[in-house]
Amino acid sequence: MGGVEDEPPSKRVKVSSGESGGLSDGISVGEQGSCSLSGSMARLLASQEDDEVVGSKGVIKKVEFVRIITEALYSLGYSKTGAHLEEESGIPLHSNLVDLFVQQILDGQWDESVTTLHQIDLTDETIIKLASFVILEQKFFELLDGEKVKDALDTLRTEITPLHVNYDRVRELSYFIVCPSQISLEKTSRLGSRKKLLEELQKLLPPTVIIPENRLVHLVEQALDLQRDGCRFHNSSIGEMSLLVDHQCGRDQIPCQTLQILQEHNDEVWFLQFSHNGKYLASSSCDCLVIIWEVEGQVSVRHRLNGHQQPVSYISWSPDDDQLLTCGLEETVRRWDITSGECLCIYEKSSLGLVSCGWAADGKSIFTGVTDKSISMWDLEGKELECWKGQRTIRIADLGITNDGKELITICKENAILLFGWETNSEKFIEENQVITSFALSEDRKFLLVSLWNGDLHLWNIDGCSKLIAKYKGHKRSRLLVRSCFGGLEQAFIASGSEDSQVYIWHRLSGELIFTLAGHSGAVNCVSWNPANPHMLASASDDRTVRIWGLNRVNTNSNGSHSNATHCCNGKS
C-alpha cells in the first residue's frame, strides 16, 4: 500500500517517477542477477579508484562523478543503462546495505529497516536517531490507518519515545491516539506514498550514503546560474540557455537607444515612475503638472493632472495601479483615479507641508512624511488615523514600505535611514558615513539602494539584519537630488541619473559599469525601469523632457504616428 512496488527482489527496482518525483526516482535496489557485479567486487573496484580524479583541474573524484551519472540515468528512466554503468565501472550507486535499507522502506519492513540503518556506516548518533524517528513515525501512522490502535500506541511508547528526540512531535502523535478524528489530514499527507518518507530520509542521511536526488541536474543548473549571473548583459528570458555552449549575451539586450522623447512638460522633470504592471508611466515636474502616460506601443499622454500649487516632487502608485499619489513640494498629497484622471482626495495638515507619500501594503491607507519630521497615516477619505512624532523623517521626498507592510522606510537624519515598525513602534537604523540624498526599494522589498552626497550608490540587504553588500561608482552628483532604480530581468541592473546629462547602468552582482547613455542636454534627475518590460527604461531631465530608452532599433507604431513624442535614432532627434 501507499506506493510500495511489487516487482520481485531479483530485479533492480527503480521507484516510478510517476508519483510526485520523489527522492526514490534515483534510488536503485540491489540485485543478484548477471547485470551487476557482486557487492564485494564492486566495493573492491570502487576502493581502488577512490582517489582517481577526472577533468583538467583535478578536483572531480571519479567515484562521485560516476555515481551521480548513474543516479541521473535511473532518474531519467534509463534503468538498464544505469545498471550497465554500475557493472562496467565497478562503482555501485549505493552499497548493498543501502539498497537493502531502501527496499525495506518501500516494503514497509519498519523494524528491519531500523536494524539495517544501524548497520550502515553512520558515525553521527543524532542522524541515526532522527532517521529512526521518521521511520517509526511512518510505522505509527500506517498502524493507525489499519485501525491497529494498540500496536500504534506500543510503537509510540516503546520505540519512538525512547529515542528522546522531537518531544513536541511526540506529543502531537499522542494527541492523534486520543483524538483520532484529527488525524485525517495528517494521514493524507503521510500515507500518500512511502517515497515521501525516502525524501525525508535523504535530507537526513549524508550524501555519501544516498546520492541526493537529481544531483547531476542540480549541478548543471548551478553552472547555468553562474554563467547567467556572470553575464553582464543577460536581460531576456527569450532564447533558453544551452548546455552545448557557454552562455554570453550581447550588449544589444540593454535598453541603450532613445526611442521617444516626451516633451509635454514646461519645466524641469523631477520624478517619474512606471506602474507595477508596466502599462503606465507617471512623470512630475517643476511646472506643477503630473502626466500619466500610457505605455502601449508608443508612449502617449493619457491624463494631465492639474491641481498642485508647488512643483511635484514625488509619485507613488497604488498596489493595484488603479490610483496614484502625488506630493507637491512641502505642500499637499493628492490621490488620483487613473481611469478618469479625477482627483479623489487631498491630504493636508494645517500650517504644515507634506514631503513624501506611500501606500500601505493592502492599499487601504496611506502614509505621508510631514515637514515637522513626523509621519502620518491616513484613511483613503483623508482622515488622519495616526501621527508618529519625533525625528522620523527629514525634508527629502522618499518613503518606502517593506513587503509585509509592517515597516516604514524613511530618511530620518542626514546620514541615517529608519525602518520604523509602525504597529509596534520598533526602530531599526541604517547608518552611512555620508549624507543620504535618496533611496530606492527593490521590487521584492528586500534590498535598498541608497544614494549618497558624494555620488556613490550603496546596496543594502534589509531582509532581516541590514547588511551593506555592494557599492556602485561613476556617475556625477554634486548639488542636485539624483535618483536611481533597480531594473531589467530579475532586477539584474542598477540605473541612475547623473548631473552630467547621462544615464548610468551597472551590472548589479558584479558592480561593473556597463553603459552610459547620452542624449539629454540637462541633468538627469530620475530614472525608472519598466517592471514588466526589461527592455524599456525612462529618464527625466532638467532639459524638460522624458526619454524612453529601448533596444538598439526604432520602435514605431504600425501607422508610423509620432504622437506626443519626438522619435530618435541612436539618441539624436
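The values are calculated or read from the model by the stated rules, or taken from the named source; none is laboratory data. None of the values given here were measured: they were computed from a predicted structure. For neighbour counting, all protein chains shown are included, and Cβ atoms are generated from backbone atoms with ideal geometry for every residue, glycine included. We work out accessible area using only protein heavy atoms, side chains counted, and drop any ligands, DNA or RNA first. Shrake-Rupley method; radii C 1.70, N 1.55, O 1.52, S 1.80 Å.
To keep it simple, each residue is scored yes or no on (1) part of a helix (DSSP H, G or I); (2) open to solvent by 20 Å² or more (accessible area, probe 1.4 Å); (3) within 27 Å of residue 119 (Cα to Cα); (4) in contact with an Asp or Glu (Cβ under 6 Å, 6 or more places away or on another chain).
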| site | (1), (2), (3), (4) |
| --- | --- |
| 64 | yes, yes, yes, no |
| 69 | yes, yes, yes, no |
| 72 | yes, no, yes, no |
| 80 | yes, yes, no, no |
| 85 | yes, yes, yes, no |
| 98 | yes, no, yes, no |
| 101 | yes, no, yes, no |
| 104 | yes, no, yes, yes |
Looking only at region 239-256, filter to residues that are under 10 Å from residue 535 (Cβ atoms) and out of contact with any Leu (no Cβ under 7 Å at 6 or more places or on another chain); which one of those is surrounded by the most Cβ atoms within 10 Å (Cβ to Cβ)? 254
Would you check if residue 428 is modelled with pLDDT of 90 or more, charged (D, E, K, R) and closer than 26 Å to residue 386 by Cβ? yes
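Mind checking which residues of region 352-372 are of a type outside the set (Gly, Ala, Ser) and more than 34 Å from the chain's Cα centre (by Cα)? Explain how you work it out, then say what you get.
The first filter runs over region 352-372 and keeps only residues of a type outside the set (Gly, Ala, Ser), leaving 352, 354-355, 357, 359, 362, 364, 366-368, 370-372.
Answer for region 352-372, where residues must be of a type outside the set (Gly, Ala, Ser) and more than 34 Å from the chain's Cα centre (by Cα): 352, 371, 372.
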Suppose the filter is buried (at least 19 other Cβ atoms within 10 Å of the Cβ) and of a type in the set (Lys, Arg); does residue 477 pass it? yes
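For (1) without any contact (Cβ under 8 Å) to a residue 24 or more places away in the chain; (2) over 25 Å from residue 504 (Cβ atoms); (3) of a type outside the set (D, E, K, R), each residue gets a yes or a no:
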site: 221; (1), (2), (3): yes, yes, no
site: 233; (1), (2), (3): no, no, yes
site: 243; (1), (2), (3): yes, yes, yes
site: 250; (1), (2), (3): yes, no, yes
site: 258; (1), (2), (3): no, no, yes
site: 314; (1), (2), (3): no, no, yes
Out of region 316-349, which residues are acidic (Asp, Glu) and either within 23 Å of residue 400 (Cα to Cα) or in contact (Cβ under 8 Å) with a residue 12 or more places away in the chain (or both)? 320, 321, 322, 330, 331, 337, 348
The lone exception for residue 458 - which of (1) in contact with a Phe, Trp or Tyr (Cβ under 7 Å, 6 or more places away or on another chain); (2) in a strand (DSSP E or B); (3) not β-branched (Val, Ile, Thr) it fails: (1)
Restricting to region 281-297, name every residue that is under 34 Å from the mean Cα position of the chain (by Cα) and open to solvent by 10 Å² or more (accessible area, probe 1.4 Å). 294, 295, 296, 297
Quick check: anything in region 386-398 within 28 Å of the chain's Cα centre (by Cα), in contact (Cβ under 8 Å) with a residue 60 or more places away in the chain and open to solvent by less than 20 Å² (accessible area, probe 1.4 Å)? yes
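I need the full set of residues from region 412-432 which are among the aromatic types (Phe, Trp, Tyr) and open to solvent by 90 Å² or more (accessible area, probe 1.4 Å), in order please. It would help to see each step written out before you state the result.
We begin by selecting, within region 412-432, every residue among the aromatic types (Phe, Trp, Tyr); these are 420, 422, 429.
Result: 429, single match.
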When residue 409 is evaluated against the numbered criteria (1) open to solvent by less than 60 Å² (accessible area, probe 1.4 Å); (2) in a loop (DSSP other than H, G, I, E, B), which criterion, by number, is the only one it fails? (2)
Quick check on region 202-211: of everything there that is in a loop (DSSP other than H, G, I, E, B) and free of Cβ contacts under 8 Å to residues at least 24 places away in the same chain, which residue is most open to solvent (accessible area, probe 1.4 Å)? 208
When residues of region 212-238 are limited to those that are outside any loop (DSSP other than H, G, I, E, B) and in contact with a helix residue (DSSP H, G or I) (Cβ under 8 Å, 6 or more places away or on another chain), the one surrounded by the most Cβ atoms within 10 Å (Cβ to Cβ): 216
